[in-house]
Amino acid sequence: MKKNIFFPIACALMAAPLLTSCQDDVDSSAGENSNTHTYSLVVDASEGLQQAPASRALTEDASHNIKSSWANEDEILAYVINDGLEATNYSIITNKNLGNGNRFDGEIASKKAITTSSQIAFLYPGKAAQGNDKTITPVVLSKERSSLFHEESDKTQELVALNLTQQDGTAETIGNHFDFQWAKQSPKSVSGKKVNVNIGKMKRLVTIWGLRFTDDKNKPLANIDSIYVSNVKGSDVLKLSDGTFVDGNPEDEMMNVVLKPKAGKKFSSVGGNYTYVAFLPGTYEDVVVTAYVGSKVYQKSYSSITFGSDKIYRTDLLKMEDTKQKAYVEVQGIKWATGNFIHYKEGSQEYWGIAPTQWWISRRAVMLNSSRKEVSSGGILQSSQFESSPTQSPEDLDLFRYGDIEKALNVSSNSNKAGLMDVYGKLYTATGLTGRETSDRSKAKAGDIVWYYTMNNKRKYRMPTADELKTLYTTAHVIPAYCYTDKGTVVYGGFFTTNNGERKKLFPTKARRYDKYTNVTALVRANKGLFLPVTGRRLPFSATIGFRDMAYGAGAYGQYMSGSADALSWDFFFGPTEWNFSKNDKGQAKAIRPVLVEESATGSDNSFAPFANIK
């Protein structure tokens with residue numbers, strides 16, 4: 001097989017001299033900045049050389065070369081550093097493209113009079129800071145969080161969040177919204193109404209990657225619905241004062257980019273076409289590129305890869321294969337199942353076992369009205385994580401009581417394994433104290449329900465021990481995350497990966513902070529980590545699911561049960577307002593994420609037709 005080869009193209013950023021003129025200061029009495037100075041700004045910039053890319057707008061020619069030149073109506077954000085102005089919008093200067101040169105006109109606001117000691121930051125593209133689809137947003141450090149956590153501000157700030165997580169795969173859109181370039185200069189001179197500034201070289205902050213794909217038969221992929229590039233940095237907070245990113249703020253750093261084509265279009269590698277993605281440069285591990293084509297999911301992984309700023313890379317991802325769900329994902333040396341334990345019945349077909357995907361929850365897609373109650377039509381299709389007080393039925397069950405096998409489908413029961421004992425990997429003849437351990441499945445009424453339903457399969461699983469489950473609480477990396485279901489609904493949860501160094505733990509998030517959750521659909525599909533959905537719990541004798549509602553102001557949580565207990569069972573909690581490992585009532589119904597015991601050469605796994613096309 002031909003190796004994937006990267007072709008870095010050095011991208012020199014061209015100097016652009018700016019001639020800035022200003023008129024007399026104009027005092028504004030509007031708003032809270034009653035002494036704001038407004039300057040008329042005229043910026044002349046000579047046309048740069050045709051580099052790939054230079055600090056200009058990006059276009060792709062018929063030969064798939066990336067070219068750059070100042071475009072008519074191109075815009076640059078301008079901001080006076082350490083000035084203290086908090087305006088509604090950033091100052092923007094616009095290219096008027098006069099003759100053979102380029103002229104930028106606009107206004108720049110400042111709280112203090114501009115002098116030769118002033119420093120002005122420039123950030124391109126300016127249009128990215130405007131409109132409903134802006135990708136440059138002012139932010140401030142949160143006063144409510146102990147960690148380094150930034151929140152959106154309704155006033156201009158010296159800190160801005162750059163968001164590259166949603167793109168359409170074209171060089172043009174990268175140029176308009178994601179090709180972030182920064183510069184800072186002081187005026188060379190201030191004389192009367194004129195201020196002269198030379199912008200110098202703008203520093204490109206992103207890397208650009210051109211991708212082409214072939215299938216397992218080495219044919220170019222066509223009709224690509226979407227592309228995920230996972231484990232590369234798609235957002236961060238930039239300091240306009242020096243053009244660097246804030247350190248130690250992982251909650252602001254989304255580690256993925258999703259590419260979706262423009263309406264009515266598809267991505268295609270036929271004819272040598274590239275699909276382009278921009279993100280923040282760095283050295284990344286476990287980078288996964290996923291291409292969705294109809295019902296197929298093609299993937300390519302890189303254990304480690306380095307991307308420099310100011311470069312374009314081009315890669316042919318050859319002979320990509322449709323990824324299949326594995327028996328387990330390993331986190332902290334533990335082989336976790338790739339789905340929660342569930343019961344599901346559709347028509348006459350019944351299933352007990354591991355869910356078809358890691359994101360599976362009961363009522364994964366229900367039509368909800370404005371009161372968040374289920375309706376047959378006229379509502380919005382959502383998961384039960386946005387349903388008000390969802391109820392659970394035996395036909396779609398993902399919460400279980402400790403040690404109960406015989407009455408597991410009775411959602412209004414309190415049946416559980418009494419006594420000071422563990423049940424993982426064990427079966428008992430009764431739930432009460434008279435129950436004795438047995439190896440005869442036909443006599444089992446209680447014990448490890450996972451083992452009971454998988455012990456004769458090719459893939460055999462059991463409930464986790466308290467120590468195994470506790471590794472997720474004490475050791476593993478964890479980030480707030482979400483996945484898209486087969487119905488297009490969203491399921492929120494926690495995404496866990498092995499920690500070999502300094503731990504990354506981003507829970508709790510606070511309720512309704514959906515912006516702090518990362519889309520890990522592609523990573524989950526690639527078996528690259530453990531995703532545990534927020535599942536809530538049922539109280540004894542109740543079919544109602546509590547604490548699954550992600551819109552609940554007090555917070556939702558996942559409550560995952562171990563097979564270890566005395567009078568109470570050990571459970572792991574995580575969610576918007578929860579992070580704990582504690583003992584709880586055995587009669588509560590909770591989620592179970594099993595652990596693989598073995599994948600034997602004999603036996604067979606259950607096949608279930610309703611899950612055939614779920615990925």
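For segment 514-536, the set of residues classified as under 15 Å from residue 576 (Cα atoms) and touching a residue at least 60 places away in the same chain (Cβ under 8 Å) consists of 516, 518, 532, 533, 534, 535, 536, listed by residue number.
Within segment 521-539, being modelled with pLDDT of 95 or more and assigned to a loop (DSSP other than H, G, I, E, B) holds for 529, 534, 535, 539. Take the conditions at pLDDT below 95, open to solvent by 10 Å² or more (accessible area, probe 1.4 Å) and not small (Gly, Ala, Ser) and apply them to residue 581. Does it pass? Taking the combined requirement at face value, the residue does not satisfy it.
Contact annotation: residue pairs with Cβ atoms under 9 Å, 6 or more positions apart or on different chains, pairing a residue in segment 203-223 that is on the phi > 0 side of the Ramachandran plot with a partner that is of a type in the set (S, T, N, Q), are 223/268.
If the requirement is being open to solvent by less than 50 Å² (accessible area, probe 1.4 Å), at pLDDT 95 or above, touching a strand residue (DSSP E or B) at 6+ places or on another chain (Cβ under 9 Å) and within 21 Å of residue 416 (Cα to Cα), which of these qualifies: 447, 435? Checking each option against the conditions leaves just 447. Under the condition of being within 21 Å of the chain's Cα centre (by Cα) and of a type in the set (S, T, N, Q), the residues counted in segment 113-167 number 9. For segment 271-294, the set of residues classified as of a type in the set (Gly, Ala, Ser), farther than 17 Å from residue 316 by Cβ and not in a loop (DSSP other than H, G, I, E, B) consists of 278, 282, listed by residue number. Restricting the first member to segment 419-433 and to residues that are in contact (Cβ under 8 Å) with a residue 12 or more places away in the chain and within 11 Å of residue 564 (Cβ to Cβ), and the second to residues that are among the aliphatic types (A, V, I, L, M) and assigned to a loop (DSSP other than H, G, I, E, B), the beta-carbon pairs closer than 6 Å and six or more apart or on different chains are 424/463. For residues in segment 277-286 being out of contact with any Lys or Arg (no Cβ under 9 Å at 6 or more places or on another chain) and buried (at least 17 other Cβ atoms within 10 Å of the Cβ), which is farthest from residue 214 (Cα to Cα)? The residue in question is 278. On inspection, residue 304 does not qualify as open to solvent by 60 Å² or more (accessible area, probe 1.4 Å) and more than 22 Å from the chain's Cα centre (by Cα). Of the residues making up segment 505-516, those that are of a type in the set (Ser, Thr, Tyr) and either at pLDDT 95 or above or part of a helix (DSSP H, G or I) (or both) number 1. Summed over segment 472-514, residues that are over 30 Å from residue 294 (Cα atoms), out of contact with any helix residue (DSSP H, G or I) (no Cβ under 6 Å at 6 or more places or on another chain) and open to solvent by less than 30 Å² (accessible area, probe 1.4 Å) total 6. Just to verify a result, which residue in segment 143-156, among those that are farther than 26 Å from residue 73 by Cβ and of a type in the set (S, T, N, Q), is modelled with the lowest pLDDT? Only one residue fits best here, namely 146. Per this entry, residue 244 is not counted among residues that are surrounded by 17 or more Cβ atoms within 10 Å (Cβ to Cβ) and modelled with pLDDT of 95 or more. In summary, residue 394 fulfils each of the numbered conditions (1) farther than 29 Å from residue 366 by Cα; (2) open to solvent by 20 Å² or more (accessible area, probe 1.4 Å) with the single exception of condition (1). Any chance segment 543-565 includes a residue that's open to solvent by 30 Å² or more (accessible area, probe 1.4 Å), in contact (Cβ under 8 Å) with a residue 24 or more places away in the chain and in a strand (DSSP E or B)? Yes, there is a match, as at least one residue in segment 543-565 is open to solvent by 30 Å² or more (accessible area, probe 1.4 Å), in contact (Cβ under 8 Å) with a residue 24 or more places away in the chain and in a strand (DSSP E or B).
This table checks each residue for (1) under 28 Å from the mean Cα position of the chain (by Cα); (2) part of a strand (DSSP E or B).
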| residue | (1), (2) |
| --- | --- |
| 173 | yes, no |
| 176 | yes, no |
| 184 | no, yes |
| 196 | no, yes |
| 212 | yes, yes |
| 217 | no, no |
| 228 | yes, yes |
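Yes or no: segment 600-615 includes at least one residue that is under 31 Å from the mean Cα position of the chain (by Cα), of a type outside the set (Phe, Trp, Tyr) and in a strand (DSSP E or B). For segment 600-615, residues under 31 Å from the mean Cα position of the chain (by Cα), of a type outside the set (Phe, Trp, Tyr) and in a strand (DSSP E or B): absent. When we screen 30, 62 for residues that are open to solvent by 60 Å² or more (accessible area, probe 1.4 Å), part of a loop (DSSP other than H, G, I, E, B), out of contact with any Leu (no Cβ under 6 Å at 6 or more places or on another chain) and modelled with pLDDT under 65, the only hit is 30.
Listed here are the residues, each with its yes/no results for (1) touching a residue at least 24 places away in the same chain (Cβ under 8 Å); (2) in a strand (DSSP E or B); (3) open to solvent by less than 10 Å² (accessible area, probe 1.4 Å); (4) closer than 21 Å to residue 544 by Cβ.
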residue: 342; (1), (2), (3), (4): yes, yes, yes, yes
residue: 345; (1), (2), (3), (4): yes, yes, no, yes
residue: 353; (1), (2), (3), (4): yes, yes, yes, no
residue: 358; (1), (2), (3), (4): yes, no, yes, no
residue: 363; (1), (2), (3), (4): yes, no, no, yes
residue: 372; (1), (2), (3), (4): yes, no, no, yes
residue: 385; (1), (2), (3), (4): yes, no, yes, yes
residue: 389; (1), (2), (3), (4): yes, no, no, yes
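Mind checking which residues of segment 65-88 are farther than 26 Å from residue 116 by Cβ and loosely packed, with under 15 Cβ neighbours inside 10 Å? Within segment 65-88, 65, 72, 73, 88 qualify.
Look at (1) closer than 30 Å to residue 600 by Cβ; (2) at pLDDT below 95; (3) outside any loop (DSSP other than H, G, I, E, B) and you find that residue 324 fails only one, number (3). Inspect segment 223-235 for any residue being open to solvent by less than 20 Å² (accessible area, probe 1.4 Å), of a type outside the set (Val, Ile, Thr) and more than 21 Å from residue 321 (Cα to Cα) and give the result as yes or no. Looking through segment 223-235, at least one residue is open to solvent by less than 20 Å² (accessible area, probe 1.4 Å), of a type outside the set (Val, Ile, Thr) and more than 21 Å from residue 321 (Cα to Cα). Residues that are closer than 21 Å to residue 298 by Cβ and among the polar types (S, T, N, Q) occur in segment 229-248; there is at least one.
The values are calculated or read from the model by the stated rules, or taken from the named source; none is laboratory data. Model, not experiment: these values are computed from the prediction. Here the Cβ is made from the backbone with ideal geometry for all residues, glycine too, and neighbour counts use every protein chain on show. Quick note on the areas: whole protein, heavy atoms, side chains included, nothing else; ligands and nucleic acids left out. Shrake-Rupley method; radii C 1.70, N 1.55, O 1.52, S 1.80 Å.
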